[in-house]
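First up is the structure itself, then whatever we jot down about it.
The values are calculated or read from the model by the stated rules, or taken from the named source; none is laboratory data. Source: prediction; values computed, not measured. With ideal geometry, Cβ positions are generated from the backbone for all residues, glycine too; neighbour counts draw on all protein chains shown. Note: areas computed on protein heavy atoms with side chains; ligands, DNA, RNA excluded. Shrake-Rupley method; radii C 1.70, N 1.55, O 1.52, S 1.80 Å.
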Amino acid sequence: MESSQFLFLLPYLLSLSMSLAVGWITVKRPYTYAARPFVFLCATEAIWTAGYIFQLLSEKLGEMLFWNNVQFLGAASLPLAFLAFTQKYNNSKNLFSKFRVFYLFPLAAAVLALVWTDGITHWFRTNPGIQYDHPFFKLVFTDGPLFPLYTLYAYTLISLGAIFLIINIITAPQIYRAQIGLVTVGILIPWVFSLVTAAGWVDLGLHQIMPLTFGFSNLMIAFALFRYKLFDTLPVARDTLLEKMHDGMLVIDPSHRVIDLNENVKRILWLTGEQLFSRSIEEILPAEAQSALDLLKVDHASGIFTFSTEKKSQLIEIDSTSLKQGSSQTGYLWILRDVTEQQTTEWALRRSNALAQAVVDSTLNGILVVNEAFEVLLSNDSLRAVFPLPEDWDRQPNIWAMDMLAQFVSDPNIFYSQIMALEAHAKSQTPVSLELINGRSVDWVTTPYEVDGTSLGWMFIFQDITEQKKATNDLLTMAHSDSLTGIANRRYFFEVAQQEMERCLRYQRQMAMIIADIDHFKKVNDSFGHLQGDQVLEAVSILLNQNKRSFDFLGRYGGEEFILLLPETDLTTAGQIADRLRKTIEEMAVTIHKVPVHVTVSLGVAAFPLPSERSDLDDLINAADEALYRAKANGRNCVALHTGEMIPRS
């Protein structure tokens, strides 16, 4: 190879190397998001570039046409890869959020077939020939009559992907826009140059400029990988409930990097989002608070730590919860609250009763100081905000102050038990959670009130944790529920079903499984639209939930399929229940556009134990699934048992 040829090929070789390197780095990263479609995108770019390099190195027309066909393997797949990446990277609800890009693979295959059969049809390329253009021979041809179809196909998908990226920039939180903007610029470089080429603004062919731009594009993506931790630092699904909490929130990935946060944590730590986001928690914690890393070693723990900055020193309470998906560690949730004022208040109360009133009035928590006879010494207005007490509640004649508080507790025995324990031990007690009759939740912490070692009474701190508890419960509900129907999602259903299966195996009990599939559901979507299809799914799930037994457990299996766990149920009973559910749904009508729409379901039923050597949860579900297929094969709207029997329609 001559030096001029090598120098000509060098930029293309570098571009190919960059595509392969960035794709390989993405594959090797342990915690990635949208990585698979991006690897697919890098692969299509590499195929396109490699095909062009080998085409340049060829000197015969047949070889050039072969490598040109190889280029189109990448060129036909690249728009699909681009659309798949932008849709996944967008990570938001939009009109196309439920569209699956692989539905377009037949279209890409048709374009590729058009190219690869061109030697027979000449619909894509006409009059192919060879022309010398220093330092290589090059393939020349005239666009065939169907060549514009590829242009239409490619630029339609690219335009749709560009819209996804623009939506992502507009809707993303401010701290994520730098990385999203960088990705958008990098990913659009090849297509901007292709438009410039198509407009004739540069004297280069599309096949020459595109392989070169892949290198520049992936160079920018590589920068995002290391500068912004591109696939590690995408916006994690965040709950608006957390943003409204007074506490700070940090989400930490398994490698101890901060991947999400709320506004309050910046106020609590006196740090900006840039100083927190994507940084290691070891770097964020000051030297005196490094012991907080021990919280990451257990599933749930909390502690109070000192945070000192140039502006102030404060005590931060950190509540750490391990986040898991099944048995896999997915990260940690840290809830941070500034408890400096609360700690200072407690210390001041023990030192001087004269200063206590001014201090307790400044805290948002309910504060009550009592003597050894549980007579009120001090209280604050916040206590009356926690308990709906009258203004002179502590001066009611012939009424014990503790009785005034106990009357608002759902279970007064818990309250009185704590009081009795204090009388017996006169020491601080373990924090107690109280449920009030008005539906509020309160944490109650007790601290001895002493002067010079002599016990004078206790200080009660009541903190209203209703909103925090509700936010936590809402998070758990969302983690276990299907977002559309509200019933158990697939992952949570399998957790419950596995526990029931283990119980059955241990005690040799019975259980059954029903899988229900809406018949011809695609026709509903095609006739009325996906939103109306969702309406049908919701109606069926509600009907199933209302008509199951109270101890049965319903979940969404996937798509238009539902799965029902029936504890302590044999096959005959399960079949009867399945047929009752079938008839109930058959009689149901969903009004869509003022038109009543009727649907039916096919159901497969299996019961444990199965007539096989091995009988676990997977076997039971597979048996029900096979029975479902038999029900569909027998005309749908019927019930099939795993034994092969069909339940006659009544």
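Per residue, region 265-315 exposes 56 Å² of accessible surface when a 1.4 Å probe is rolled over the protein heavy atoms with every protein chain present.
Extension gain, MET420 to HIS122: 0.36 nm times the residue separation minus the Cα-Cα distance gives 97.8 nm. Dipole magnitude for region 561-650: computed about the Cα centre from +1 point charges on Lys and Arg Cβ and -1 point charges on Asp and Glu Cβ, it is near 620 debye.
Largest first, the residues PHE141, PHE216 sort by 1.4 Å accessible area into PHE216, PHE141. The Rg/Rh ratio of region 251-410, with both radii computed over alpha carbons and Rh defined as the Kirkwood radius, is 1.09.
Here the simple spin-label model places points 7 Å from the Cα toward Cβ, and for GLU450 and SER327 these points are separated by 4.8 nm. In the chain, a dipole from Cβ-located charges (positive for Lys and Arg, negative for Asp and Glu) runs towards its positive end, and of VAL595, ALA110, GLY273 it is ALA110 whose Cα lies farthest in that direction. Using only side-chain charges placed at the Cβ, +1 for Lys and Arg and -1 for Asp and Glu, the dipole size of the chain relative to its Cα centre rounds to 1940 debye. In the chain, a dipole from Cβ-located charges (positive for Lys and Arg, negative for Asp and Glu) runs towards its positive end, and of TRP334, GLN546, ALA406 it is GLN546 whose Cα lies farthest in that direction. Judged by the gyration tensor of its Cα atoms, with axes a ≥ b ≥ c, region 501-573 is prolate; a/c meets the 1.5 cut and a/b is the larger of a/b and b/c.
When the surface is traced with a 1.4 Å probe over the full set of protein chains, GLU538 keeps roughly 80 Å² accessible.
Convex hull of alpha carbon positions in region 523-642: directionally averaged projected area 7.6 nm².
Kindly give Rg over Rh for region 34-170, based on alpha-carbon atoms, with the Kirkwood expression for the hydrodynamic radius. Here the Rg-to-Rh quotient is 1.05. What aspartates and glutamates does LYS312 reach when the alpha-carbon gap must be under 17 Å and sequence neighbours fewer than 8 apart in one chain are set aside? Within the straight-line limit of under 17 Å, LYS312 reaches these aspartates and glutamates: GLU288, ASP338, GLU341. Nonpolar atom fraction for the chain, defined as the carbon and sulfur part of the 1.4 Å probe accessible area, stands at 58 percent. Among the listed options (i) 53, 39, 21; (ii) 60, 40, 20; (iii) 47, 28, 23, the one matching semi-axes √(5λ) of the Cα gyration tensor in Å as calculated from these coordinates is (ii). When the residues SER455, SER612 are ordered by accessible surface, computed with a 1.4 Å probe over the protein chains alone, the sequence from largest down reads SER612, SER455.
Ranking of THR600, THR49 by solvent-accessible surface, largest first: THR600, THR49 (1.4 Å probe, protein heavy atoms only, all chains present). Taking 14 Å as the straight-line reach from the Cα of LYS138, the aspartates and glutamates in range (excluding those fewer than 8 positions away in the same chain) are GLU59, GLU63.
For region 11-91, the per residue solvent-accessible surface stands at 40 Å², with DNA, RNA and ligands left out and a 1.4 Å probe.
Kindly identify region 444-553 as rounded, prolate or oblate by the Cα gyration tensor criterion: order the square roots of the eigenvalues as a ≥ b ≥ c, call it rounded if a/c is under 1.5, otherwise compare a/b with b/c, prolate if a/b is larger, else oblate. Oblate shape, in that a/c is at least 1.5 and b/c is the bigger or equal ratio. In angstrom, the C-alpha Rg and Dmax of region 263-337 are 12.8, 43. Taking a point 7 Å out from the Cα of ALA633 in the direction of its Cβ, the residues of region 586-618 whose backbone N falls within less than 19 Å of it are 602-607, 611.
Based on DSSP H segments of at least four residues, each scored -39500 (n - 2.57), the chain has a per-residue ellipticity at 222 nm of -16000 deg cm²/dmol.
Straight-line reach from LYS88: taking Cα to Cα under 18 Å and skipping same-chain neighbours fewer than 8 places apart, the aspartates and glutamates in range are ASP232. Rounded to the nearest 20, the Cβ-based charge dipole of region 440-516 about its Cα centre (Lys and Arg +1, Asp and Glu -1) stands at 580 debye. Across all C-alpha atoms in region 1-75, the radius of gyration and Dmax reach 14.5, 47 Å.
Taking every protein chain into account, the accessible area of region 360-451 amounts to 51 square angstrom per residue (probe 1.4 Å).
If you count Lys pairs in region 499-650 whose Cα atoms are under 18 Å apart, skipping same-chain pairs closer than 8 places in sequence, the total is 5. Annotation: TYR629 carries an accessible surface of approximately 140 Å², with a 1.4 Å probe and no ligand, DNA or RNA atoms counted.
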